[in-house]
Structures are given as C-alpha cells and as structure tokens.
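Everything on this sheet refers to the single structure shown next.
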C-alpha cells in the first residue's frame, strides 16, 4: 500500500502541534511492513537531510514561503487575505501535481490551509482510486468565531471556510483528536458523523517523562505556548496577581513561548502596577528538546486558551512528565485530562475561576506523578495507539 503524508510543516524545521503529529504519524506508518511511505512537503534542506538519514522517500515542492512584495506593501486586510489565499492555493496546486503522478493508494492531508483542495477538485470522489484522509486539528471555520474581530485581519484567508467545506465533503475520511472537534465539524460543515473517526494525538512519552529536579522554595506555575491574548495569558496574569495578593506563600510564574501582539505589554503593565515583575519570568522560545526540563521544574502547569482548542499538546506533555495541570474548558481540551480526572478545569476567560483552581492546586497534597503519567501512557503513547491507527487505515483502504 503506497501512502503519502502531505503537509507543508514537518519536524525538525518546524515545531508545534502539527509537525509533532506528522512526525509520529510517519514513525507509525514507517514501521508497518505493508506500507510504502512517502512524505510530500515544501522544500527544506534541514528536513531533507533528516528524512534521508531515516531512508524515507521525501518529495518536495519548491515554493518560497516568505511574504510576497504585495503582502509587505499591503495595508488593507482584504489585500493581505487575498494574497494569503493565493499562496495557499498555489501550494495546494503544486501538491496535487505531485500526488497525481504518484499512483498513491492513500493520501493524508492536514486541514490547515486546505492543502487537499486542488487535488480533490481535479480528482472527484467518484472518479479517483486514491483514498483521501483529512486530519482535522482545528479548521478555520471552527476557530474563527473564537477570535476577537480585530484579531482576524491577517489570518483570515479569503474563501478559507468554503474550501474547508468542499474538502471535507470530497475526502473519503476525516480524523480528529477529540470528540468535541468531531461534534464541531458535524455542526459547522454538516458532515455525516460516520465519516469522522476520533484518533488521539500522540506524544513522545519517552522524551516527556518524569525527571528528578531540585525544587526551590517557591511554588512554580508554568505556562508553555505563544504569549498572546487568544491563548488566555492576560487572564492568567490577572489570576496570578490576585493569588499573590491573597497568599503569603512565595509564588512564581514561568512563561515559555514567544510574545505576540500587545499581550506582553498589557501583562507587564499589570505586573508593574502590582509590584510583581520579579515573580514572573519570560524565557522566549525554547527548543522542543529542552521542554521536559521546564516541566520538571514546575509544580503545576497552566493552559488557559480562550480560542478554540481541539487538543492541548502542552497539557499532554505536562502530564506525561507527571505534572498537575490547570486548563481552560476550551473545546476538546477537557478530554485531554479525561474531563477533569487528571487535571483541574476552569471556565475560560474567568480570572476568579482560574485563581481558585490555582489556589486549590497549591494546597493539593494528593497529586501523584506516577498516576498522572500512567494515564498518558495509556492514552497518548505511540505503543497504545498503533493498533488503533492501523485498523483505521486498513478500513480506509477497503472503502
């Protein structure tokens, strides 16, 4: 069975949830003796060397992802959106051309930027032999309503939702990492529920593991992710300030991730007013390989997104390291901790709700690192999910 995984983002050049997913999908498929695996992506010397070292077939399309002159000069949102839409369409067209010459049995696309669009348009379901799977992480049609209107501008690709709807209609199967996203797809795009299969995301439980560390006298909260309003960081900082003002305990907050927008300035202003700047540390971007050491230093981890999240890699990585987590009730995130059994859930955007959960977690002496990690091994490890994925692909092949 010839299988192509098609997406513009792969490790090691890119980090983040989708490249991590792609990496484990490849590892899983590569180990199957019945699958002839090929990767299709944007041209990258770093990725090319990586896949060659693993003797994997790596096909590239030569597209410059740098912003075009039009995009740099554009001051109007609709021009930037049209330019983004044109770029996404061009990548989709180039991918389609490569796939059409491959005679693949199965192709799996990610729903990001509707990269399957041109292939599905040129090869309708009733005519093609190749089966098409779309892995839906968080499509724009679901994500868009959870952004503020003034945040949408540059990321709202023109025609994006219509393209997503077309791709979901024309593909053979869809997978999601959570039940909530499955329900959102059914509601937003009117998709037949039988077409959607929930397959958990996979994390590297050998990389993210319990590590012994020397704890300071401070209680340390950790936040990992982009430092921007949509990720709930302003709510988190406000809750942290209120908690510090209520307790005599020494508390600190470490933020791992790149600041975006004006959230950093807003939060620094709040911290200065409360005279708590020395209690909060911003590390900036941290390499994937170094993340376990940050989790091991934390007493608990906060994941406060306010936009829709179908799954939280931060939460899954944290509990794989045996760390207690406090997460918002955004989208499919509660399923990551089995709806509160392995993590504390607060009402997104609620400072008081988050503060109370932080306070309760600080006073909780019953968190068991081994129990938390064992749940992760059963739910998100490669070993526990391999047979589930293989059964799904065999089903798609036989459609």
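Couple of notes before you dig in:
- Considered as a group, the residues in the stretch 368-399 that are loosely packed, with under 13 Cβ neighbours inside 10 Å and outside any helix (DSSP H, G or I) include one that is modelled with the highest pLDDT, and that residue is 368.
- Scope the stretch 295-320; condition part of a helix (DSSP H, G or I) and under 16 Å from residue 204 (Cα atoms); matching residues: 295, 296, 313, 314, 315, 316, 317, 318, 319, 320
- The residues on offer are 358, 362, and the sole one that is at negative phi, in contact with a helix residue (DSSP H, G or I) (Cβ under 6 Å, 6 or more places away or on another chain), in the same structural domain as residue 256 (by TED's automatic domain parsing) and not in a loop (DSSP other than H, G, I, E, B) is 358.
- Cβ-Cβ under 7 Å pairs, at least 6 apart or on other chains, the stretch 381-392 side closer than 12 Å to residue 32 by Cβ, far side modelled with pLDDT of 95 or more and outside any helix (DSSP H, G or I): 389/199
- Residues of the stretch 188-237 satisfying the condition of being within 30 Å of residue 160 (Cα to Cα), out of contact with any helix residue (DSSP H, G or I) (no Cβ under 7 Å at 6 or more places or on another chain) and touching a residue at least 40 places away in the same chain (Cβ under 8 Å): 231, 232
- Across the stretch 260-281, the qualifying residues are those that are part of a loop (DSSP other than H, G, I, E, B) and loosely packed, with under 13 Cβ neighbours inside 10 Å, and the one among them that is nearest to the chain's Cα centre (by Cα) is 262.
- Test result for residue 293, in contact (Cβ under 8 Å) with a residue 60 or more places away in the chain, closer than 30 Å to residue 368 by Cβ and crowded, with 17+ Cβ neighbours inside 10 Å: no
- Restricting 214, 197 to residues that are outside any loop (DSSP other than H, G, I, E, B), surrounded by fewer than 19 Cβ atoms within 10 Å (Cβ to Cβ) and either modelled with pLDDT under 95 or assigned by TED's automatic domain parsing to the domain that holds residue 178 (or both) narrows the list to 197.
- Breaking point among (1) over 19 Å from the mean Cα position of the chain (by Cα); (2) under 16 Å from residue 195 (Cα atoms), for residue 174: (1)
The values are calculated or read from the model by the stated rules, or taken from the named source; none is laboratory data. A quick note: this is a predicted structure, and the numbers were derived from the prediction, not measured. Please note: Cβ atoms are built from the backbone with ideal geometry, for glycine as well, and neighbour counts cover all protein chains shown.
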